[in-house]
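The values are calculated or read from the model by the stated rules, or taken from the named source; none is laboratory data. Because the structure is predicted, anything quoted here is derived from the model rather than measured. Using ideal geometry, Cβ is built from the backbone for each residue, glycine included, and neighbour counts are taken over all protein chains shown.
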Amino acid sequence: MLIMSLRNYHRLRIPLTQIQNLQANIQKYCLCGNIYLNKYKYDIKQVRVHSTQSDHRQKAVIESTNVIDKLSIDKRGVELWRAKIDPYVKLARWDRPIGVHLLYWPCSWSIALGSLPGTVPLETSLKMAGLFLVGAGLMRGAGCTINDMWDRDIDAQVERTKDRPLVSGVISTKQAVGFLAVQLSLALGVLLQLNCYSVALGASSMLLVITYPLAKRFTNYPQIFLGATFNWGALLGYSALQGAIDPAVCLPLYCGALAWTVVYDTIYAHQDKMDDARIGMKSTALTFGSATKPALSGALALSTGGLLLAGAGAGLQWPYHVAVGAATLHAARQIYTLNPDNPADCASKFKSNTLIGLIILLGILGGGYTQYIDNRARHRGKEDLSVASSCLFG
């Protein structure tokens, strides 16, 4: 192989003093002994030292050039994403979808319960489910953005949050305000697809959305404020389909979901309790302290009671009660096995709560199936679709 290489150098009249430099640029050898070189150290293109009329060698060079060109473009795309887009994704926490899940589940419960009277067709219910999913993503992102704007100085002192975009300076406060405006504008567009009652009900939650990040500064129970904010969809989903809430169904559903939020967010707060105590922030993790497990057991009992009352108000059958029982056992196991001094265990337990949301939804669908089929048969062709129409565009 070396002899063949030297022959190629001689053929091109390359001085032997340049052989060392040339060898440093050798990319690869052909099976025929010919040499392919890089024109530059990190070059996009490859050139051949030998001259050949062989089509397969020309094709190999062209194909390798195209592949490397594509890799270079892909690399630039990744760099653009990391520099321009990824910081906003992290600011809205869209890279951690568990928050969107936990915000959406009470909305889905409420939509499923609001569908049971059978006064709207299935496609309307599915449309609402899609709108609320988009709205949950936008509002969760807006809430995280507001939270980071309020807590910029605090986050810099907490190990888990010190690398957030506003703290690190990757995003400026002005840019965060602009991003928040975009998110809220899009969320308003989703809200305006609902009926007028629901628009007013949804808009009334904005006071909670803006102020709940401040709760950790003045109350020992900020998780209750979070629960009140996070579960507004338990009211809104039902009214979006029925034109108003049914207190016998929606109020216990809202309270049950709120108590559930206290359970999972207290577990979450145990990750930061040392930093919170050091900088003077409040949380139920600190408030409950060594009594965390008994306190969470009480909150779980309230949650289960609220969910059962909501099911009774909606006339749900036995599959729903089985689902509530399964969800309660799952949450009880979280509490029983929780190690509040292990952040990794707290994070794992917190994330597993999305399964509870799914179980409850499946319970509503199973427990209300017969009722829904009967009601749809009675109302088919007689639906008043204006009830679920847009307040502005309907």
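Sort out which residues of region 233-253 are in contact (Cβ under 8 Å) with a residue 40 or more places away in the chain, over 14 Å from G202 (Cα atoms) and not aliphatic (A, V, I, L, M), and write them in order of number. Residues satisfying the conditions are Q242, D246, C250, P252. Every listed requirement among (1) surrounded by 15 or more Cβ atoms within 10 Å (Cβ to Cβ); (2) more than 20 Å from L102 (Cα to Cα); (3) over 20 Å from the mean Cα position of the chain (by Cα); (4) modelled with pLDDT of 95 or more is met by T219 save one, (4).
Scanning region 94-133 for residues that are crowded, with 24+ Cβ neighbours inside 10 Å and farther than 17 Å from G202 by Cβ gives L102, W105, A112, L113, S115, L116.
Rundown of residues vs (1) touching a Phe, Trp or Tyr at 6+ places or on another chain (Cβ under 7 Å); (2) in the same structural domain as C250 (by TED's automatic domain parsing), yes/no style:
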site	(1), (2)
S297	no, yes
A301	no, yes
L308	no, yes
G311	yes, yes
H321	no, yes
D345	no, yes
T354	no, no
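List the number of the failed condition for L358; all other conditions in (1) touching a residue at least 40 places away in the same chain (Cβ under 8 Å); (2) surrounded by fewer than 17 Cβ atoms within 10 Å (Cβ to Cβ); (3) of a type outside the set (D, E); (4) farther than 15 Å from W105 by Cβ hold. It fails just one condition, (4).
Quick one: would you say L258 is in contact with a Ser or Thr (Cβ under 7 Å, 6 or more places away or on another chain), closer than 25 Å to Y320 by Cβ and modelled with pLDDT of 95 or more? Spell out how you get there, then give the answer.
Values: in contact with a Ser or Thr (Cβ under 7 Å, 6 or more places away or on another chain): no; closer than 25 Å to Y320 by Cβ: yes; modelled with pLDDT of 95 or more: yes.
Against the criterion (in contact with a Ser or Thr (Cβ under 7 Å, 6 or more places away or on another chain), closer than 25 Å to Y320 by Cβ and modelled with pLDDT of 95 or more), L258 does not qualify.
Yes/no matrix, rows are residues, columns are (1) crowded, with 19+ Cβ neighbours inside 10 Å; (2) on the phi > 0 side of the Ramachandran plot; (3) in the same structural domain as T211 (by TED's automatic domain parsing); (4) free of Cβ contacts under 8 Å to residues at least 24 places away in the same chain:
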residue	(1), (2), (3), (4)
G135	yes, no, yes, no
T145	yes, no, yes, no
M149	no, no, yes, no
E159	no, no, yes, no
D163	no, no, yes, yes
L166	yes, no, yes, no
V177	no, no, yes, no
G189	no, no, yes, yes
L194	yes, no, yes, no
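For L258, indicate whether it is touching a Gly at 6+ places or on another chain (Cβ under 7 Å), within 30 Å of K162 (Cα to Cα) and buried (at least 22 other Cβ atoms within 10 Å of the Cβ). Considered against the rule, which asks whether it is touching a Gly at 6+ places or on another chain (Cβ under 7 Å), within 30 Å of K162 (Cα to Cα) and buried (at least 22 other Cβ atoms within 10 Å of the Cβ), L258 comes out as yes.
None of G289, G306 is at positive phi, surrounded by fewer than 23 Cβ atoms within 10 Å (Cβ to Cβ) and part of a helix (DSSP H, G or I) except G289.
Confirm whether A312 is assigned to a helix (DSSP H, G or I) and out of contact with any helix residue (DSSP H, G or I) (no Cβ under 7 Å at 6 or more places or on another chain). Steps first, please.
Values: assigned to a helix (DSSP H, G or I): yes; out of contact with any helix residue (DSSP H, G or I) (no Cβ under 7 Å at 6 or more places or on another chain): yes.
Yes, satisfied.
Yes or no: region 323-334 includes at least one residue that is under 26 Å from T219 (Cα atoms) and in a helix (DSSP H, G or I). Within region 323-334, one or more residues are under 26 Å from T219 (Cα atoms) and in a helix (DSSP H, G or I).
Consider region 272-286. How many of its residues are part of a helix (DSSP H, G or I), buried (at least 17 other Cβ atoms within 10 Å of the Cβ) and at pLDDT below 95?
Count: 4.
Taking (1) over 17 Å from S389 (Cβ atoms); (2) outside any helix (DSSP H, G or I); (3) in contact with a helix residue (DSSP H, G or I) (Cβ under 8 Å, 6 or more places away or on another chain) in turn, D148 satisfies each apart from (2). Residues of region 366-379 include at least one that is at pLDDT below 95, of a type in the set (A, V, I, L, M, F, W, C) and out of contact with any Pro (no Cβ under 7 Å at 6 or more places or on another chain).
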